[in-house]
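The values are calculated or read from the model by the stated rules, or taken from the named source; none is laboratory data. In this text the structure is predicted, and so the values were computed from the model without any measurement. Virtual Cβ from ideal backbone geometry, glycine too; neighbours counted across all protein chains shown. What goes into the accessible areas is simple: the full protein's heavy atoms, side chains included, and nothing from ligands, DNA or RNA. Shrake-Rupley method; radii C 1.70, N 1.55, O 1.52, S 1.80 Å.
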Amino acid sequence: MTKKLLLGVEAIGQGAIDGGMSGVYAYPGTPSTEITEYIQENEVAIARSLHREWSANEKTAMEAALGMSYAGKRAMVCMKHVGLNVAADPFINAAMTGINGGLIVTVADDPSMHSSQNEQDSRFYGKFAMVPVLEPSNQQEAYDMTRTGFELSEKLGTPVLMRITTRLAHSRAGVILDGKAAPENKLSIPGNPHQFVLLPALARKRYQLLLDNQEKFEQAAEESEYNSLIEGKDHTLGIICCGIAMNYLMENFPNGCPHPILKISQYPLPAKLLKKLEQQVDRLLVIEEGYPLVEEQLKGFFEYGKKISGKLDGTLPRTGELNPDIVAKALNINVFAGYPIPGILVNRPPALCKGCGHHDSFKALSEVMSEYGYGHVFSDIGCYTLGVLSPYNCGNSCVDMGASITMAKGAADAGLFPSVAVIGDSTFTHSGITGLLDAVYEKSNILIMIGDNESTSMTGGQDSSAFGRIESICEGAGVNAEHIHVIEALPKNHEKLVDLIRLELAFDGVSIIIPRRECIQKSARRLSKSKNH
Ligand SMILES: Cc1ncc(C[n+]2csc(CCOP(=O)(O)OP(=O)(O)O)c2C)c(N)n1
Ligand code: SF4
């Protein structure tokens with residue numbers, strides 16, 4: 001056994017390797033990215049040739065992991081919370097098929113939206129799919145749950161969802177490691193040849209099985225070492241703490257909490273433990289990160305029972321991340337709130353790096369688009385989203401990955417002209433390509449600018465699966481080669497790019513302009529790496 005100081009995400013990566021995983025499948029997304037990056041650089045993972053390449057998006061990742069599980073091996077999928085929207089179809093249906101090799105779906109939520117467009121709570125997906133959910137309350141549990149999660153998945157015959165949040169993902173703690181990686185499973189196909197065939201007649205049986213299994217899943221939660229009822233002398237209040245909220249609570253009580261606590265880190269909710277707590281206290285406080293999932297369910301369990309406080313009655317805030325001070329306030333504990341921020345400190349808006357190729361694209365695009373007034377550019381998610389801000393003001397939407405092309409198409413269908421989509425190379429391969437197929441099929445009058453910096457830069461510069469092939473993919477999707485242009489994104493090409501944009505806006509159909517230049521941060525990393533070798 002060894003002890004290491006690990007980030008939550010690193011603890012999960014190590015836990016997966018030590019748990020006998022044969023492959024990780026993922027698409028980058030903060031705060032989940034470093035799980036895969038840790039595995040990519042791990043010596044055991046390299047020596048064992050574990051699968052650790054990035055997938056094109058979360059749906060392909062989820063399906064590939066399910067395929068590995070089908071073949072009897074242990075697999076993990078990793079994504080950020082909004083990624084689970086993309087992977088929802090295979091995820092929900094994987095609950096129906098069940099698994100062969102153990103399967104862990106690790107999803108990182110981002111309350112407070114530090115780097116996301118919403119703060120959805122992935123535990124709802126677990127409940128929706130009716131699969132067990134693990135929610136570690138610290139880095140040690142993150143490691144232990146991943147290491148043993150494959151066994152749990154195999155024992156219960158189901159994928160297991162592991163939900164973490166930003167704070168756990170990106171903070172460090174000492175983690176005691178098992179010290180050796182369990183052997184991988186042998187290749188084995190499922191005993192039942194129809195297990196993974198969700199034709200209606202077979203799917204009905206699988207659905208009944210999933211329903212029948214709920215009792216088993218609940219029993220596992222009742223007996224889980226991660227759920228526990230902790231005694232306290234003061235029974236005027238009982239506290240239910242989910243996942244990392246346990247840490248926030250205990251920071252306020254270094255010498256032990258006076259109230260009984262039910263710590264929950266495995267779902268479905270352990271109803272018997274809840275009842276046991278409820279029976280011994282006057283009222284309940286639920287502390288959970290994200291949506292009031294447990295609180296809402298408790299209102300159902302104890303409908304005519306005791307007062308339940310939490311996010312629904314305003315005892316805790318409904319939005320944003322929790323922290324020890326917020327929890328203290330809910331318990332009427334006085335805490336030092338810190339000094340006020342001096343007026344001299346002002347927020348700085350985020351900005352593109354100096355010298356970034358996206359500057360060159362936006363400079364040209366905003367020059368042309370200013371002739372049409374605002375409201376004609378549909379942006380997407382990546383570094384280039386910053387083009388919507390001053391000085392370029394180029395972009396009137398940013399909704400979900402891939403939406404630029406499809407929204408531009410829909411607006412063009414409505415009669416908007418010009419209708420321009422701005423998208424990055426990784427976002428294009430993630431989910432822009434399918435929208436392009438629609439636009440080509442209907443000969444939509446749109447211009448698509450694909451800012452190809454040969455990198456998935458916003459999440460740290462991972463490789464993009466369309467490296468050097470975007471123009472051929474567009475041609476393969478049916479865009480006329482005459483209307484596909486690649487141009488080096490450099491200040492000296494400004495006039496050329498302006499002319500190209502004007503030329504293609506005059507064309508009634510789908511046209512593509514690809515300003516290309518490697519992300520300068522990625523170039524810098526590449527150069528320093530080659531210098532050091
Ligand atoms: C469904 C989903 N998955 C992942 C992310 C995280 N994410 C935000 S932007 C981005 C990719 C950006 O790469 P690219 O389109 O090439 O633009 P760049 O940042 O390189 O300019 C990713 C993976 C997300 N927001 N939504
Ligand atoms: S990280 Fe790369 S793509 Fe993003 S702003 Fe900086 S140079 Fe541009």
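When Gln208, Gln219 are checked against the criterion of being among the polar types (S, T, N, Q), part of a helix (DSSP H, G or I) and over 29 Å from Gly15 (Cβ atoms), a single residue qualifies: Gln208.
Conditions tested, residue by residue: (1) open to solvent by 40 Å² or more (accessible area, probe 1.4 Å); (2) in a loop (DSSP other than H, G, I, E, B); (3) of a type in the set (Gly, Ala, Ser); (4) closer than 26 Å to Leu322 by Cα.
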residue	(1), (2), (3), (4)
Leu152	no, no, no, no
Thr158	no, yes, no, no
His194	yes, yes, no, no
Asp212	yes, no, no, no
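Residue-by-condition table, conditions (1) open to solvent by 20 Å² or more (accessible area, probe 1.4 Å); (2) farther than 26 Å from Thr459 by Cβ; (3) touching a Leu at 6+ places or on another chain (Cβ under 7 Å):
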site	(1), (2), (3)
Asp325	yes, yes, no
Pro350	yes, no, yes
Lys354	yes, no, no
Phe362	no, no, no
Tyr372	yes, yes, no
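With respect to (1) of a type in the set (S, T, N, Q); (2) open to solvent by less than 20 Å² (accessible area, probe 1.4 Å); (3) more than 20 Å from Ile513 (Cβ to Cβ), the lone exception for Ser390 is condition (2). Taking every residue in segment 332-357 that is away from ligand 1 (no atom under 16 Å from the Cβ) and pairing it with any residue that is polar (S, T, N, Q), at least 6 positions away or on another chain, the pairs with Cβ-Cβ distances below 6 Å are Ile333/Asn252.
Output the residue which, of all residues in segment 240-260 that are of a type in the set (S, T, N, Q) and in contact (Cβ under 8 Å) with a residue 12 or more places away in the chain, is least open to solvent (accessible area, probe 1.4 Å).
Looking at residues that are of a type in the set (S, T, N, Q) and in contact (Cβ under 8 Å) with a residue 12 or more places away in the chain, I get Asn252.
Out of all the residues in segment 51-65, which are open to solvent by 60 Å² or more (accessible area, probe 1.4 Å) and either within 11 Å of ligand 1 (Cβ to nearest atom) or not assigned by TED's automatic domain parsing to the domain that holds Ala16 (or both)?
If the condition is that a residue be open to solvent by 60 Å² or more (accessible area, probe 1.4 Å) and either within 11 Å of ligand 1 (Cβ to nearest atom) or not assigned by TED's automatic domain parsing to the domain that holds Ala16 (or both), then Lys59 is the only one that fits.
Among the residues of segment 261-279, just one is surrounded by 19 or more Cβ atoms within 10 Å (Cβ to Cβ) and of a type in the set (Lys, Arg), namely Lys263. Considering only residues of segment 9-39 that are within 18 Å of Gly460 (Cα to Cα) and more than 16 Å from ligand 1 (Cβ to nearest atom), which is surrounded by the most Cβ atoms within 10 Å (Cβ to Cβ)? Across segment 9-39, the extreme among qualifying residues is Gly13.
Being on the phi > 0 side of the Ramachandran plot and either crowded, with 17+ Cβ neighbours inside 10 Å or without any contact (Cβ under 8 Å) to a residue 24 or more places away in the chain (or both): is that true of Gly232 here? No, not satisfied.
Matching residues to (1) in contact with a Lys or Arg (Cβ under 6 Å, 6 or more places away or on another chain); (2) modelled with pLDDT of 95 or more; (3) assigned by TED's automatic domain parsing to the domain that holds Gln297; (4) β-branched (Val, Ile, Thr):
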| residue | (1), (2), (3), (4) |
| --- | --- |
| Asn100 | no, yes, no, no |
| Ser116 | no, no, no, no |
| Gly126 | no, yes, no, no |
| Val160 | no, yes, no, yes |
| Thr166 | no, yes, no, yes |
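On the basis of being touching a residue at least 12 places away in the same chain (Cβ under 8 Å) and in contact with a Pro (Cβ under 8 Å, 6 or more places away or on another chain), does Glu518 make the cut? It is false that Glu518 is touching a residue at least 12 places away in the same chain (Cβ under 8 Å) and in contact with a Pro (Cβ under 8 Å, 6 or more places away or on another chain).
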